[in-house]
1. How big is the chain along each principal axis, measuring the range of its Cα positions in Å and listing the largest first?
2. Under 16 Å from the Cα of residue 119, which aspartates and glutamates turn up, not counting those fewer than eight places away in the same chain?
3. Can you tell which of 275, 214, 18 lies farthest toward the positive end of the dipole of the chain, using +1 and -1 charges on the Cβ of basic and acidic side chains (Lys, Arg; Asp, Glu)?
4. If you roll a 1.4 angstrom probe over the protein chains with everything in place, what fraction of the accessible area of the stretch 103-205 belongs to carbon and sulfur, to the nearest %?
5. Tally up the carbon and sulfur contribution to the accessible surface of the stretch 212-279 as a whole percent, 1.4 Å probe, everything protein left in place.
6. Note down the magnitude of the dipole of the chain about its Cα centre, charges +1 on Lys and Arg C-beta and -1 on Asp and Glu C-beta and zero elsewhere, to the nearest 20 debye.
7. Can you give the accessible area of residue 230 in Å² (nearest 10), computed on protein heavy atoms with a 1.4 Å probe?
8. My understanding is that a pair violates if its Cα-Cα distance is over 25 Å; which of 217/276; 91/131; 221/277 do that in this structure?
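The values are calculated or read from the model by the stated rules, or taken from the named source; none is laboratory data. Computed from a predicted structure; not experimentally measured. Quick reminder, even Gly has a Cβ in these numbers, built from the backbone with ideal geometry, and neighbours come from all protein chains shown. All accessible areas refer to the heavy atoms of the entire protein, side chains included, with ligands and DNA or RNA removed. Shrake-Rupley method; radii C 1.70, N 1.55, O 1.52, S 1.80 Å.
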Amino acid sequence: MNKLKIALQKAGRLHEESINLLNACGFKLSLDLKQLKVSTFNLDVFLLRDDDIPGFVQKGIADVGIVGKNVILEQEMDFLIRDNLGFGYCKLSFAVPKESLYKSVKDLSGKCIATSHPKILDKFLKEHNIKSSIHKISGSVEIAPNIGIADAICDLVSSGRTLDSNNLKEIETIFSSEAVFICQPKYDILVDNLFFRIRAVKRARDNNYLLFNAPNKNLDKIIYYLHKLCQILHIRPIADSAWTYVKVIVPAFIIWNILDELKKNSAKDLVVLPIKKFV
Ligand code: PRT
Ligand code: ZN
């Protein structure tokens with residue numbers, strides 16, 4: 001049987017969530033993978049530096065990979081991206097010393113910007129007709145203004161704590177990044193099957209299952225409200241009562257707004273359940 005070959009980050013910010021996602025898709029991988037290649041009966045996993053993942057997929061050494069969108073854009077391999085994965089969120093932003101007067105990237109014309117993403121930065125500056133010099137650094141970019149080798153930085157930010165502790169402030173964002181699923185534009189049945197499972201897991205994570213009893217006097221109003229936001233699965237009047245039993249699938253990010261609205265309309269016995277898979 002052909003095995004699916006997948007490239008994942010060996011260690012670092014995307015490692016754990018990548019393994020968790022694959023396990024939710026039915027694979028059985030340990031979180032404590034020590035080797036650089038791990039095989040199960042249906043999978044070969046290559047554990048790599050994240051920067052090497054796009055090249056492995058582009059050359060066909062791996063069928064699929066999970067890597068930050070920022071890495072793909074920096075390596076100009078956007079054609080490999082199939083889907084966003086909903087973790088590893090960050091943004092590529094410009095930051096300057098807190099006391100500096102630079103308010104936007106336009107103010108950085110003629111200045112030096114340190115970055116670990118020189119290609120993305122160069123493209124952005126050209127598109128905005130800004131002439132700055134680029135100082136490439138592979139890591140610890142935030143140190144650059146403090147030691148006098150750059151006026152500003154262009155780097156990944158998530159919580160903003162690293163900027164703050166290096167006396168820097170964010171002034172503009174180029175783009176938002178997250179982990180992406182990559183493969184060649186033409187893919188076989190094994191990849192298609194994994195892609196199908198990933199979508200089912202993502203869809204399940206993005207939604208909740210909500211059950212409740214609605215008072216008949218407010219039922220029309222409640223259903224009208226839910227209709228615009230959710231997928232309604234089931235509406236069943238409860239015999240000899242003034243209540244109707246309702247089951248819906250609700251986007252997780254608005255669950256509290258929906259619960260508030262249902263409470264306002266005197267719904268009771270509201271139960272929210274996680275979904276394991278949603279196909
Ligand atoms: O060893 P390897 O080459 O595989 O790993 P790496 O060191 O290149 O990458 P790693 O593990 O740091 O990040 C992997 C991916 O996670 C990145 O390519 C991004 O897609 C994503 N990601 C999400 C981040 C961050 N958040 C992040 N905050 N990558 C880096 N950072 C760094 C940032 O560069 C800065 O130094 O964290 C610092 C800022 O964090 P906050 O929380 O203080 O803002
Ligand atoms: Zn890296």
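1. 78, 57, 32
2. The reachable aspartates and glutamates, counting only those whose Cα sits under 16 Å from residue 119, are 51, 74, 76, 78, 127, 155.
3. Comparing the listed Cα positions along the dipole, 214 ranks first.
4. The value for the stretch 103-205 is 49 percent carbon and sulfur by accessible area.
5. Whole-percent figure for carbon plus sulfur exposure: 58.
6. Rounded to the nearest 20 debye, it is 640 debye.
7. Looks like 20 Å² after rounding.
8. Violating the 25 Å Cα-Cα cut-off are 217/276; 221/277.
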